[in-house]
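A quick write-up on the structure given underneath.
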Amino acid sequence: MKDFLDEQVQLINNKAFITDDPVQFPRRYERVQDIEIVAFTVSTIAWGKRSMILRSAERMLARMGESPYEYVMNETYENLEKANVHRTFFEPDLAFMLRGFKNIYANNESIDTFLQKNNVSNPWQIAAILRNELVSANKSDSSRFLSANAEKSALKRLNLALRWLVRNDGIVDLGVWKCLTPAQLYIPLDVHVGNVARRLGLLQRTQNDRHAVEELTAVLRSFCPADPVKYDYALFGIGVMEKAK
């Protein structure tokens, strides 16, 4: 199985993958603050048809101009109204996120350095810490970015952002963060990846929750302890081929 998955990773994890994937958006920037803002905002709307995700992300980033970081620091998000961003995600939800990021940047060089100070070791810790910052900045508990029950969640979208920010094989993912190592990442588990993993016998749990993420990632770590989430490409690629049949 390891050899098969490694072959699939080689097929999918290449520069051509970037063109039709949301990872293209954080890759447009050089400043770490721009990259992390874009990684979080784009991964947050990464559900549904990929073509729709790409269109929504283009429109969302157009709102922020050339530098999402300057957009945040200038609090330009306060000019957002109630327009739709992507499916059930609206401008007030985007403003909620960015207001929280501004709160972090007010006292930290980056979100990464902020998380380093908090000695994080897994995505569920990161979810709790970021959620507290967002709630504090907004004086509200209405975040669509990280819910109150994130402790039990698969955290698919957060784990996707972390893959982009932490993995660095010089091919697709950017690897600009230091708060985690690639070995500490967890698989971005959605229905698609979960179903493929079950067909391959890599995952027994039927629910797509935290336990399933931990179970599947443990198996992938046995194949590659230093970089288990590289197999996200394999499971994605196998799924694409299955859908094409």
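Checking each residue in the stretch 213-223 for being touching a Lys or Arg at 6+ places or on another chain (Cβ under 9 Å) and without any contact (Cβ under 8 Å) to a residue 12 or more places away in the chain picks out only Ser222.
Candidates Arg205, Arg198, Arg163: the one that is closer than 23 Å to Gln125 by Cα, assigned to a helix (DSSP H, G or I) and modelled with pLDDT of 95 or more is Arg163. The number of residues in the stretch 166-178 being touching a residue at least 12 places away in the same chain (Cβ under 8 Å), part of a loop (DSSP other than H, G, I, E, B) and touching a Lys or Arg at 6+ places or on another chain (Cβ under 9 Å) comes to 6.
Please find, among Asn168, Asn149, the residue that is surrounded by fewer than 16 Cβ atoms within 10 Å (Cβ to Cβ) and under 16 Å from the mean Cα position of the chain (by Cα). Going through Asn168, Asn149 in turn, just one is surrounded by fewer than 16 Cβ atoms within 10 Å (Cβ to Cβ) and under 16 Å from the mean Cα position of the chain (by Cα): Asn168.
Which of the residues belonging to the stretch 73-115 are assigned to a loop (DSSP other than H, G, I, E, B), more than 18 Å from the chain's Cα centre (by Cα) and polar (S, T, N, Q)?
Within the stretch 73-115, the first condition is being assigned to a loop (DSSP other than H, G, I, E, B), and the residues that meet it are 74-75, 80-83, 87-88, 106-110.
Subset that is more than 18 Å from the chain's Cα centre (by Cα): 74-75, 80-83, 106-109.
Hits for the stretch 73-115 are Asn74, Asn107, Asn108.
The residues of the stretch 13-38 that are surrounded by 18 or more Cβ atoms within 10 Å (Cβ to Cβ) and assigned to a helix (DSSP H, G or I), listed by number, are Pro22, Val23, Pro26, Val32, Gln33, Asp34, Ile35, Glu36, Ile37, Val38. In this structure, Glu7 qualifies as surrounded by fewer than 17 Cβ atoms within 10 Å (Cβ to Cβ), more than 17 Å from Arg63 (Cβ to Cβ), in contact with a helix residue (DSSP H, G or I) (Cβ under 9 Å, 6 or more places away or on another chain) and acidic (Asp, Glu).
The values are calculated or read from the model by the stated rules, or taken from the named source; none is laboratory data. A quick note: this is a predicted structure, and the numbers were derived from the prediction, not measured. Every residue, glycine among them, receives a Cβ derived from its backbone with ideal geometry; neighbour counts consider all protein chains shown.
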